[in-house]
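Take a look at the structure set out below.
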Amino acid sequence: MQGVGFRNYVEHLAGKLGLDGYVRNRRDGCVEVLAIGGEEQLRELFAALQKGPALSRVTSVQEQTTNPDARYRGSFTIEITI
């Protein structure tokens, strides 16, 4: 869901968990997250994404495994909408 501070919520949480990657809105109204980190930290992020920030309404969270993208090593950023 867009417009409720979701990207900032994810960026803050990823920083606390020590994750690398990005969060961005998609034109279809979804939010995309690429997170790189340890299994426990990723599990915590996944659980938090299912709830979202206070004003959000999360209808589903889908998980995919991919090879880490070296461009995102060392930081977690908010990317532009695609």
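The values are calculated or read from the model by the stated rules, or taken from the named source; none is laboratory data. Since we're looking at a predicted model, the values are computed, not measured. All Cβ positions, glycine included, derive from the backbone under ideal geometry; neighbour counts span all protein chains shown.
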**Asked** In the range 20-29, is there at least one residue being over 11 Å from the mean Cα position of the chain (by Cα) and assigned to a helix (DSSP H, G or I)?
**Response** no
**Complete:** The correct count of residues that are under 13 Å from residue 78 (Cα atoms) and not hydrophobic (A, V, I, L, M, F, W, C) in the range 29-49 is 1
**Request:** Given the conditions (1) crowded, with 18+ Cβ neighbours inside 10 Å; (2) on the phi > 0 side of the Ramachandran plot; (3) modelled with pLDDT under 95, report the number of the one that residue 5 does not fulfil.
**Result:** (1)
**Leading residue by the ranking (surrounded by the most Cβ atoms within 10 Å (Cβ to Cβ)) among those in the range 65-82 that are touching a residue at least 40 places away in the same chain (Cβ under 8 Å) and outside any loop (DSSP other than H, G, I, E, B)** = 76
**Complete:** For residue 53, the lone unmet condition from (1) part of a helix (DSSP H, G or I); (2) of a type outside the set (Val, Ile, Thr); (3) over 10 Å from the mean Cα position of the chain (by Cα) is (1)
**Message:** Give all pairs with beta carbons closer than 6 Å in which a residue from the range 4-28 that is under 14 Å from residue 73 (Cα atoms) and in contact (Cβ under 8 Å) with a residue 40 or more places away in the chain meets a residue that is surrounded by fewer than 19 Cβ atoms within 10 Å (Cβ to Cβ) and of a type in the set (Lys, Arg); count only pairs at least 6 apart in sequence or on separate chains.
**Reply:** 20/73
**Complete:** Per the filter on the range 18-64, residues among the hydroxyl-bearing types (Ser, Thr, Tyr) and surrounded by 13 or more Cβ atoms within 10 Å (Cβ to Cβ) are 22, 56
**Message:** Looking at the range 50-80 only, could you name the residues that are touching a strand residue (DSSP E or B) at 6+ places or on another chain (Cβ under 7 Å) and hydrophobic (A, V, I, L, M, F, W, C)?
**Reply:** 76, 78, 80
**Fill in**
Flagged pairs (Cβ under 7 angstrom, 6 or more apart or on separate chains; first in the range 38-59, more than 19 Å from residue 28 (Cα to Cα); second among the acidic types (Asp, Glu)) are 46/63
